[in-house]
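Beneath this line is the structure, given in C-alpha coordinates, with notes to follow.
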Amino acid sequence: MERIPILKMGKFLIVSIQVDMHDELALALQEDLAEQIVKTRAKGVLIDISSLNLVDSFTARILGNMTAMARLLDAETLVVGMRPAVAMTLVELGVSLRGIRTAGNAEKGMALLEAIVAQQAKSNAPKST
Amino acid sequence: MPPKVRDTFTVRSDHDVVTVRQKARQLATELGFSLVNQTKLVTAVSELARNMVVWGGGGTVRMEIVKNGALQGVRLTFEDHGRGIPDIEQAMKDGYSGGSGLGLGLGGAKRLVDEFDIVSRVGKGTRVTITRWK
Ligand SMILES: Nc1ncnc2c1ncn2[C@@H]1O[C@H](COP(=O)(O)OP(=O)(O)OP(=O)(O)O)[C@@H](O)[C@H]1O
Ligand SMILES: [Mg+2]
(Lines give C-alpha, C1' and ligand atoms only; values in the text may rest on other atoms or scores of the structure.)
(Ligands and ions follow the chains in the order given, each with its own letter.)
Protein backbone atom coordinates (compact mmCIF):
# COMPACT_ATOMS: atom_id res chain seq x y z
CA MET A 1 0.00 0.00 0.00
CA GLU A 2 1.17 3.54 -0.66
CA ARG A 3 2.37 5.47 2.38
CA ILE A 4 3.04 9.10 3.24
CA PRO A 5 6.82 9.36 3.78
CA ILE A 6 8.19 10.44 7.15
CA LEU A 7 11.67 12.02 7.02
CA LYS A 8 14.08 12.45 9.89
CA MET A 9 15.95 15.72 10.17
CA GLY A 10 18.09 16.08 13.30
CA LYS A 11 15.83 15.68 16.33
CA PHE A 12 12.74 16.20 14.24
CA LEU A 13 10.47 14.25 11.97
CA ILE A 14 9.04 15.87 8.87
CA VAL A 15 5.81 14.78 7.28
CA SER A 16 4.91 16.45 4.01
CA ILE A 17 1.47 15.47 2.81
CA GLN A 18 1.58 15.80 -0.98
CA VAL A 19 -1.47 13.81 -2.02
CA ASP A 20 -5.20 14.00 -1.53
CA MET A 21 -5.36 11.33 1.20
CA HIS A 22 -8.07 8.74 1.39
CA ASP A 23 -9.03 7.79 4.94
CA GLU A 24 -7.05 4.57 5.11
CA LEU A 25 -3.89 6.39 4.04
CA ALA A 26 -4.41 8.98 6.77
CA LEU A 27 -4.88 6.25 9.37
CA ALA A 28 -1.71 4.51 8.18
CA LEU A 29 0.20 7.78 8.54
CA GLN A 30 -1.02 8.12 12.12
CA GLU A 31 0.32 4.64 12.93
CA ASP A 32 3.61 5.13 11.09
CA LEU A 33 4.21 8.39 12.90
CA ALA A 34 3.78 6.83 16.34
CA GLU A 35 6.20 4.11 15.38
CA GLN A 36 8.79 6.55 14.03
CA ILE A 37 8.62 8.84 17.07
CA VAL A 38 9.42 5.91 19.32
CA LYS A 39 12.08 4.51 17.03
CA THR A 40 13.92 7.78 16.43
CA ARG A 41 13.14 9.41 19.79
CA ALA A 42 12.24 12.53 17.90
CA LYS A 43 11.43 15.57 20.02
CA GLY A 44 9.38 17.33 17.42
CA VAL A 45 7.19 16.68 14.41
CA LEU A 46 6.55 19.09 11.57
CA ILE A 47 3.50 18.34 9.41
CA ASP A 48 3.46 20.30 6.18
CA ILE A 49 -0.04 20.60 4.69
CA SER A 50 0.74 23.33 2.16
CA SER A 51 -0.14 20.96 -0.69
CA LEU A 52 -3.57 20.13 0.70
CA ASN A 53 -6.41 21.98 -0.98
CA LEU A 54 -8.95 20.41 1.36
CA VAL A 55 -9.06 19.53 5.05
CA ASP A 56 -12.35 17.99 6.08
CA SER A 57 -13.50 16.84 9.52
CA PHE A 58 -11.78 13.49 9.11
CA THR A 59 -8.41 14.97 8.18
CA ALA A 60 -8.75 17.49 10.99
CA ARG A 61 -9.41 14.67 13.42
CA ILE A 62 -6.32 12.82 12.23
CA LEU A 63 -4.17 15.96 12.65
CA GLY A 64 -5.52 16.32 16.20
CA ASN A 65 -4.93 12.66 16.96
CA MET A 66 -1.36 12.84 15.71
CA THR A 67 -0.67 15.90 17.86
CA ALA A 68 -2.15 14.30 20.98
CA MET A 69 -0.37 11.03 20.42
CA ALA A 70 3.00 12.70 19.78
CA ARG A 71 2.59 14.64 23.01
CA LEU A 72 2.12 11.41 24.94
CA LEU A 73 5.33 10.19 23.36
CA ASP A 74 7.08 13.38 24.46
CA ALA A 75 7.24 15.06 21.06
CA GLU A 76 5.75 18.41 20.05
CA THR A 77 3.86 18.76 16.78
CA LEU A 78 3.52 21.74 14.53
CA VAL A 79 1.22 21.92 11.52
CA VAL A 80 2.51 24.30 8.87
CA GLY A 81 1.38 25.81 5.59
CA MET A 82 -2.40 25.72 5.87
CA ARG A 83 -3.86 27.50 2.85
CA PRO A 84 -6.11 30.48 3.59
CA ALA A 85 -9.10 28.96 1.75
CA VAL A 86 -8.72 25.80 3.82
CA ALA A 87 -8.58 27.77 7.07
CA MET A 88 -11.72 29.73 6.15
CA THR A 89 -13.55 26.53 5.32
CA LEU A 90 -12.52 24.81 8.55
CA VAL A 91 -13.92 27.66 10.60
CA GLU A 92 -17.29 27.38 8.87
CA LEU A 93 -17.25 23.60 9.10
CA GLY A 94 -16.94 24.11 12.86
CA VAL A 95 -13.74 22.18 13.35
CA SER A 96 -11.74 23.47 16.25
CA LEU A 97 -8.01 23.11 15.91
CA ARG A 98 -7.59 23.69 19.61
CA GLY A 99 -4.54 21.83 20.82
CA ILE A 100 -2.94 21.96 17.39
CA ARG A 101 -0.05 24.38 17.00
CA THR A 102 0.32 25.99 13.60
CA ALA A 103 2.84 28.14 11.76
CA GLY A 104 2.70 29.87 8.39
CA ASN A 105 5.41 27.94 6.61
CA ALA A 106 7.96 25.19 7.15
CA GLU A 107 10.81 27.57 7.86
CA LYS A 108 8.96 29.45 10.58
CA GLY A 109 7.64 26.17 11.88
CA MET A 110 11.10 24.71 12.22
CA ALA A 111 12.34 27.74 14.16
CA LEU A 112 9.31 27.63 16.44
CA LEU A 113 9.69 23.91 17.02
CA GLU A 114 13.37 24.40 17.94
CA ALA A 115 12.36 27.06 20.44
CA ILE A 116 9.57 24.97 22.01
CA VAL A 117 11.77 21.92 22.37
CA ALA A 118 14.67 23.94 23.83
CA GLN A 119 12.28 25.56 26.30
CA GLN A 120 10.96 22.19 27.38
CA ALA A 121 14.42 20.70 27.77
CA LYS A 122 15.24 23.60 30.09
CA SER A 123 12.16 23.24 32.25
CA ASN A 124 12.56 19.47 32.41
CA ALA A 125 16.24 19.61 33.43
CA PRO A 126 16.93 18.67 37.06
CA LYS A 127 17.37 21.79 39.17
CA SER A 128 20.78 22.31 40.69
CA THR A 129 20.45 23.77 44.17
CA MET B 1 -34.33 24.58 -18.91
CA PRO B 2 -33.84 21.38 -16.90
CA PRO B 3 -30.49 21.05 -15.14
CA LYS B 4 -27.77 19.33 -17.12
CA VAL B 5 -26.61 16.17 -15.40
CA ARG B 6 -22.88 16.02 -15.73
CA ASP B 7 -22.02 12.77 -14.05
CA THR B 8 -23.19 10.09 -11.70
CA PHE B 9 -20.71 8.26 -9.49
CA THR B 10 -20.92 5.18 -7.38
CA VAL B 11 -19.40 5.76 -3.97
CA ARG B 12 -18.56 2.71 -1.91
CA SER B 13 -15.08 3.23 -0.49
CA ASP B 14 -12.84 5.96 0.88
CA HIS B 15 -11.11 5.95 -2.53
CA ASP B 16 -14.41 6.82 -4.18
CA VAL B 17 -14.79 9.72 -1.72
CA VAL B 18 -11.50 11.14 -3.00
CA THR B 19 -12.57 10.68 -6.64
CA VAL B 20 -15.93 12.38 -6.20
CA ARG B 21 -14.52 15.39 -4.36
CA GLN B 22 -11.90 15.79 -7.10
CA LYS B 23 -14.62 15.68 -9.78
CA ALA B 24 -16.59 18.32 -7.91
CA ARG B 25 -13.45 20.46 -7.71
CA GLN B 26 -12.93 20.09 -11.46
CA LEU B 27 -16.46 21.20 -12.25
CA ALA B 28 -16.32 24.16 -9.85
CA THR B 29 -13.02 25.23 -11.40
CA GLU B 30 -14.49 24.97 -14.89
CA LEU B 31 -17.37 27.20 -13.86
CA GLY B 32 -14.92 29.75 -12.49
CA PHE B 33 -15.72 29.39 -8.77
CA SER B 34 -13.37 31.35 -6.52
CA LEU B 35 -10.84 29.30 -4.55
CA VAL B 36 -12.70 29.75 -1.26
CA ASN B 37 -16.02 28.92 -2.91
CA GLN B 38 -14.51 25.76 -4.45
CA THR B 39 -12.96 24.69 -1.19
CA LYS B 40 -16.24 25.08 0.71
CA LEU B 41 -18.16 23.07 -1.86
CA VAL B 42 -15.57 20.32 -2.08
CA THR B 43 -15.31 20.01 1.70
CA ALA B 44 -19.09 19.60 1.97
CA VAL B 45 -18.91 16.95 -0.77
CA SER B 46 -16.23 15.10 1.14
CA GLU B 47 -18.32 15.07 4.35
CA LEU B 48 -21.49 13.84 2.66
CA ALA B 49 -19.75 11.25 0.50
CA ARG B 50 -17.98 9.87 3.57
CA ASN B 51 -21.25 9.71 5.50
CA MET B 52 -22.71 7.66 2.68
CA VAL B 53 -19.83 5.20 2.87
CA VAL B 54 -19.57 5.04 6.66
CA TRP B 55 -23.26 5.17 7.63
CA GLY B 56 -25.26 4.53 4.47
CA GLY B 57 -23.44 1.48 3.11
CA GLY B 58 -22.44 3.37 -0.04
CA GLY B 59 -24.56 5.00 -2.71
CA THR B 60 -24.50 7.31 -5.69
CA VAL B 61 -23.62 10.94 -6.24
CA ARG B 62 -25.19 12.92 -9.06
CA MET B 63 -23.49 16.09 -10.14
CA GLU B 64 -25.18 18.78 -12.22
CA ILE B 65 -24.83 22.36 -13.35
CA VAL B 66 -27.81 24.52 -12.39
CA LYS B 67 -28.85 27.98 -13.57
CA ASN B 68 -30.96 30.62 -11.97
CA GLY B 69 -31.15 33.58 -14.30
CA ALA B 70 -27.58 34.65 -14.86
CA LEU B 71 -26.46 32.68 -11.83
CA GLN B 72 -24.62 29.38 -12.28
CA GLY B 73 -24.11 26.76 -9.67
CA VAL B 74 -23.23 23.17 -8.89
CA ARG B 75 -25.80 20.80 -7.41
CA LEU B 76 -24.95 17.39 -5.99
CA THR B 77 -27.34 14.70 -4.84
CA PHE B 78 -26.09 12.00 -2.46
CA GLU B 79 -28.36 9.00 -2.32
CA ASP B 80 -28.03 5.74 -0.44
CA HIS B 81 -30.30 2.86 0.50
CA GLY B 82 -28.82 2.30 3.92
CA ARG B 83 -30.35 2.37 7.37
CA GLY B 84 -31.60 5.94 7.20
CA ILE B 85 -31.55 8.53 9.98
CA PRO B 86 -34.21 8.20 12.68
CA ASP B 87 -33.85 11.72 14.07
CA ILE B 88 -32.58 14.22 11.50
CA GLU B 89 -32.70 17.17 13.87
CA GLN B 90 -30.38 15.35 16.27
CA ALA B 91 -28.08 14.15 13.46
CA MET B 92 -27.72 17.72 12.18
CA LYS B 93 -26.53 18.99 15.55
CA ASP B 94 -22.85 19.78 15.86
CA GLY B 95 -21.17 17.26 18.07
CA TYR B 96 -23.73 14.50 17.60
CA SER B 97 -22.30 11.31 16.14
CA GLY B 98 -23.85 7.86 16.02
CA GLY B 99 -20.29 6.57 16.27
CA SER B 100 -16.88 7.99 17.09
CA GLY B 101 -16.96 10.92 14.64
CA LEU B 102 -16.73 14.57 15.58
CA GLY B 103 -20.36 14.90 14.56
CA LEU B 104 -19.62 17.90 12.35
CA GLY B 105 -20.24 16.45 8.90
CA LEU B 106 -23.93 17.19 8.40
CA GLY B 107 -24.14 20.52 10.22
CA GLY B 108 -20.84 21.64 8.72
CA ALA B 109 -21.82 20.66 5.17
CA LYS B 110 -25.02 22.68 5.54
CA ARG B 111 -23.05 25.78 6.56
CA LEU B 112 -20.67 25.37 3.62
CA VAL B 113 -23.31 25.50 0.88
CA ASP B 114 -26.13 27.81 -0.21
CA GLU B 115 -28.88 25.21 -0.31
CA PHE B 116 -29.16 22.02 1.71
CA ASP B 117 -31.94 19.49 1.71
CA ILE B 118 -32.09 16.17 3.51
CA VAL B 119 -34.70 13.42 3.30
CA SER B 120 -34.27 10.18 5.16
CA ARG B 121 -36.40 7.16 5.95
CA VAL B 122 -35.43 4.55 8.46
CA GLY B 123 -34.57 1.29 6.76
CA LYS B 124 -34.95 2.87 3.31
CA GLY B 125 -32.10 5.31 2.94
CA THR B 126 -31.02 8.92 2.84
CA ARG B 127 -30.87 11.60 0.18
CA VAL B 128 -29.00 14.86 0.65
CA THR B 129 -29.03 17.58 -2.01
CA ILE B 130 -26.68 20.56 -1.90
CA THR B 131 -26.24 23.55 -4.17
CA ARG B 132 -23.52 26.13 -4.20
CA TRP B 133 -23.85 29.17 -6.45
CA LYS B 134 -20.88 30.78 -8.10
N1 LIG C 1 -26.09 8.63 4.96
C2 LIG C 1 -26.38 8.34 6.23
N3 LIG C 1 -27.07 7.20 6.54
C4 LIG C 1 -27.36 6.90 7.84
N5 LIG C 1 -27.00 7.66 8.89
C6 LIG C 1 -26.31 8.80 8.66
C7 LIG C 1 -25.97 9.19 7.32
N8 LIG C 1 -25.29 10.37 7.39
C9 LIG C 1 -25.21 10.69 8.70
N10 LIG C 1 -25.83 9.75 9.48
C11 LIG C 1 -25.99 9.78 10.95
O12 LIG C 1 -25.90 11.11 11.38
C13 LIG C 1 -24.84 11.24 12.33
C14 LIG C 1 -24.20 12.60 12.20
O15 LIG C 1 -23.48 12.71 10.97
P16 LIG C 1 -22.24 13.69 10.90
O17 LIG C 1 -21.64 13.60 9.55
O18 LIG C 1 -22.72 15.04 11.34
O19 LIG C 1 -21.24 13.15 12.00
P20 LIG C 1 -20.28 11.87 11.96
O21 LIG C 1 -20.23 11.31 10.58
O22 LIG C 1 -20.69 10.94 13.05
O23 LIG C 1 -18.86 12.52 12.33
P24 LIG C 1 -17.91 13.43 11.40
O25 LIG C 1 -18.63 13.65 10.10
O26 LIG C 1 -17.71 14.70 12.14
O27 LIG C 1 -16.66 12.65 11.24
C28 LIG C 1 -23.93 10.09 12.05
O29 LIG C 1 -23.16 9.75 13.17
C30 LIG C 1 -24.91 8.99 11.66
O31 LIG C 1 -25.45 8.40 12.81
MG1 LIG D 1 -19.81 12.52 8.93
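Computed as a quarter of the hull surface, the mean projected area of the alpha carbon convex hull for the protein assembly as shown stands at 16.1 nm². Residue by residue along B:42-55, Cβ atoms of other protein chains within 10 Å of the local Cβ number 3 on average. Against the main long axis of the alpha-carbon atoms of chain A, helix A:57-72 sits at an angle near 10°. In a fully extended conformation the segment linking residue B:68 and residue B:7 would gain 20.0 nm over its present Cα-Cα distance, using 0.36 nm per residue.
Electrostatic tally near residue B:42: other residues with Cβ closer than 12 Å to its Cβ, Lys and Arg +1, Asp and Glu -1, net +2.
Shielding of peptide B:16-22 by partners, expressed as the average count of other chain Cβ atoms within 10 Å per residue Cβ, is 3.
Per the accessible-area calculation with a 1.4 Å probe, the total area buried between chain B and chain A rounds to 2000 Å². Accessible area per residue for the range A:6-124, computed on protein heavy atoms with a 1.4 Å probe, is 48 Å².
The alpha carbon radius of gyration of the range A:6-124, expressed as a multiple of 2.2 N^0.38 Å, is 1.01.
With a Cα cut-off of under 20 Å and a minimum spacing of 8 residues unless on different chains, the lysine pairs in chain B number 14.
Taking 18 Å as the straight-line reach from the Cα of residue A:11, the aspartates and glutamates in range (excluding those fewer than 8 positions away in the same chain) are A:32, A:35, A:48, A:74, A:76, A:107, A:114. Shown here is the pair-distance distribution of chain B: with all Cα-Cα distances grouped in 10 Å bins from zero up to the longest one, the shares run 13, 47, 32, 8, 0 percent. With the simple model of a label 7 Å out from the Cα in the direction of the Cβ, residue A:11 to residue A:74 spans 1.1 nm.
Taking label points 7 Å from Cα along the Cα-to-Cβ direction, residue A:50 and residue B:96 give a separation of 4.2 nm. For peptide A:11-23, the mean count of partner chain Cβ atoms within 10 Å of a residue's Cβ comes to 2. Sequentially through the range B:45-53, phi angles give Karplus couplings (6.51, -1.76, 1.60; θ = phi - 60°) of 4, 4, 4, 6, 5, 5, 4, 4, 6 Hz, Gly and Pro residues having no value and appearing as x.
The values are calculated or read from the model by the stated rules, or taken from the named source; none is laboratory data. Source: prediction; values computed, not measured. Note that each Cβ is placed from the backbone with ideal geometry, even for glycine, and that neighbours are counted across all protein chains shown. Remember, those area values only see protein heavy atoms, side chains included, never the ligands or the DNA or RNA. Shrake-Rupley method; radii C 1.70, N 1.55, O 1.52, S 1.80 Å.
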